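Here is the structure we will look at, set down as structure tokens.
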Amino acid sequence: MRVQNNSHMLTGKVREEISKRNSPIAEFLNDNDSFSILNAGYDRDYLHARKAGGCFIEDCSGNIYIDTALGAGTHILGHASPIITEEIEKQAREGTLYILPNKYTYEVGELLSHAIPHFSSFVFCNSGTEATIRATRIARAYTGRKKIAMFSGGWHGGNDMLLFEEDYNGDETKPVPMFKSPGVPEELMGMMLMLPYNNGAAFDLIEQHKDELAMVIIEPSQGSNPRDDVGEFLGELRRITAKHSILLCFDEIVTGFRVALGGCQEYYGVEADIATYGKALGGGLPIGLVAGKKEVMSVVKGNGHKKPVFMGGTFSANPLVMHVAKAVLQYLIENRGTIYSSLNENGQRVRNTINEFCAANQVPVRMIGIGSISRMIFTDKAIKSRRERDKYEADDTLQKLFYSYLRFEKGVHVSSNRILFLSTAHKKEHIEKIIHSIIATLEYFTKHLNIFK
Ligand code: PMP
């Protein structure tokens, strides 16, 4: 089966839609030299939002979509959940930043030690990126080694030390890294080892570099190819890193408090030495967390004559975020028996239904995922990694048009990273609407545009 690129047939229509939807901010989108917003995503062609609630998001023209982006997976309780907004209002009146320590931080620490019981030491910060930077510093201080290993297809935020991707011209069992962005010094590449994800060749590379490696960092289930078949791979990674006293760090910024209360570590029964969290924990406010085993994290305070590892930050563990994190954690802990089974069943139902439809209709698309995290893959080949995904998937223009049609014609918004998240605010009718909308879009592309052949 092949994918034909008839994308030109939709381009005009989608473009027209986008310019209509953006009209309330059109005055800011005209080419003009007086100022520009350079943050990622601030493109004139992209959807601009003005508010959100539950599982819905509204654009600047008042069009409402079912949201599957959910703040890049953050809003596990849906947008503007009263569990969170009431706490924000309460704490905002009592001060948002003291610089002095606040009691909520201890309360969050106590709740964390229930949610992820193999960790007892915590450092809070303000984003996932910051958490991966801090985890790297802790690992280097603890081991006295310099090199960090990361996996091809992984993402750990805008952290210069890990801002690399695989050059696919190289051998897949020995990934050749390249810079993901200008501005990262050449020298940093020499302090990083890239490993193949979900591939046993990674263990040979770790063996070869065992004396230089401070830490192996991994998104246990990668956002670029979310999957739930990596238990054995993660178990072996745990075994080999422990054997060589290399720290194993799980980047659970997406999966933490989402696939299970204890993230992928609970889901797969694999304990890392140190882990990074963010997103869901902050209930939509900026947060990052490094959690670790006591012994590893002890370097933060300094060991005997050793200097402490620097962990300061103006906004870290501020009372507003901590007050909200406490409410989120309390709710997740109290309801863990129902929340995760229902979120994960809903995710599985979306994937199963789409996959059954595609298989029955010879549509070369599949949906993969873990729990409430899913991604459509525009090929019917079973893929093992991001590299294989990129090798087999249909052209990116086609995918962009697919998601534009799904959004503008069917009212379901999928983020530009193409990961679909579900929340507790997505009820049965919303799940059905997501499924029907995706199937209707696949049918439109297949029957009317003749794109999948
Ligand atoms: N790690 C992972 C796995 C992520 O998905 C992200 C963000 N999408 C980050 C790190 C970086 O987090 P932040 O955007 O909060 O800096």
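Charge dipole of the stretch 124-196 (Cα centre as origin; +1 on each Lys and Arg Cβ, -1 on each Asp and Glu Cβ, all else neutral): 480 debye, rounded to the nearest 20. Here the extension length gained between His118 and His448 equals 113.4 nm, from 0.36 nm per residue of separation less the Cα-Cα distance. Only helical runs count toward this figure. For the chain, summing -39,500 (n - 2.57) over DSSP H runs of n ≥ 4 and dividing by all residues gives -11500 deg cm²/dmol at 222 nm.
Taking each residue as 0.36 nm, the span from Lys210 to Glu186 lengthens on full extension beyond its C-alpha to C-alpha distance by 6.4 nm. The residues neighbouring Gly109, those whose beta-carbon lies less than 15 Å from its own, together hold a net charge of +3 under the Lys/Arg +1, Asp/Glu -1 convention.
For the stretch 188-251, the percent of C-alpha pairs falling in each 5 Å distance bin, counted from 0 to the bin holding the largest distance, reads 4, 17, 31, 28, 14, 6, 1. Rounded to the nearest 5, what % of the DSSP beta bridges within the chain are antiparallel ones? If I count the DSSP bridges inside the chain, around 60 percent turn out antiparallel. Taking a Cβ cut-off of under 12 Å around Thr255, the surrounding Lys, Arg, Asp and Glu residues balance to a net charge of -2, with basic ones at +1 and acidic ones at -1. For the chain, a crude dipole built from +1 on the beta carbon of Lys and Arg and -1 on the beta carbon of Asp and Glu, taken about the Cα centre, is about 400 debye to the nearest 20. The packing ranking, built from the mean of other Cβ atoms within 10 Å per residue, places the peptides 68-79, 275-286, 305-316 in the order 275-286, 68-79, 305-316, highest first. For the chain, what does the relative contact order come out to in percent, with C-alpha contacts under 8 Å and a separation of six or more? Reported relative contact order: 23 percent. Over the stretch 299-445, the Kirkwood radius and the radius of gyration, each from Cα atoms, give a ratio Rg/Rh of 1.13.
For Glu429 and Ser36, the FRET efficiency from 1/(1 + (r/R0)^6), where r spans their Cβ atoms and R0 equals 60 Å, is about 0.90.
Just flag the trypsin sites (Lys or Arg not before Pro) in the stretch 70-129 sitting in loop per DSSP whose Cβ has no more than 12 other Cβ atoms within 10 Å. Qualifying residues, ordered by number: Arg93.
Among the listed pairs Lys51/Lys400; Lys279/Lys410; Lys381/Lys447; Lys301/Lys326; Lys306/Lys326, those whose Cα-Cα separation exceeds 30 Å are Lys306/Lys326. Both radii are taken from the alpha-carbon atoms of the stretch 259-359; with Rh as the Kirkwood radius, Rg/Rh is 1.10. Ordering of 217-223, 190-196 by packing is 217-223, 190-196, highest average first (other Cβ atoms within 10 Å, averaged per residue). For the stretch 168-282, the Cα gyration tensor yields ellipsoid semi-axes of 23, 18, 14 Å (square root of five times each eigenvalue, largest first, whole Å).
If a spin label sat at a point 7 angstrom from the Cα of Asn303 along the line to its beta carbon, the backbone N atoms of the stretch 203-221 nearer than 18 Å would be those of 211-216.
Start at zero, step by 10 Å, and the Cα-Cα distances of the stretch 303-370 spread as 16, 21, 20, 21, 15, 7, 1 percent across the bins.
Equivalent-ellipsoid semi-axes for the chain (Cα gyration tensor, √(5λ), whole Å, largest first): 35, 28, 22. The distance between label points at Lys146 and Asn352 comes to 5.2 nm (points 7 Å beyond Cα on the Cα→Cβ vector). The stretch 383-432 and the stretch 95-162 have Cα centres separated by 30 Å. Shown is the FRET efficiency for Thr338 and Glu94, computed with R0 = 25 Å from the Cβ-Cβ distance and rounded to the nearest 0.05: 0.20.
Here, each number is a calculation from the coordinates, and none is a lab measurement. Model, not experiment: these values are computed from the prediction. Quick reminder, even Gly has a Cβ in these numbers, built from the backbone with ideal geometry, and neighbours come from all protein chains shown.
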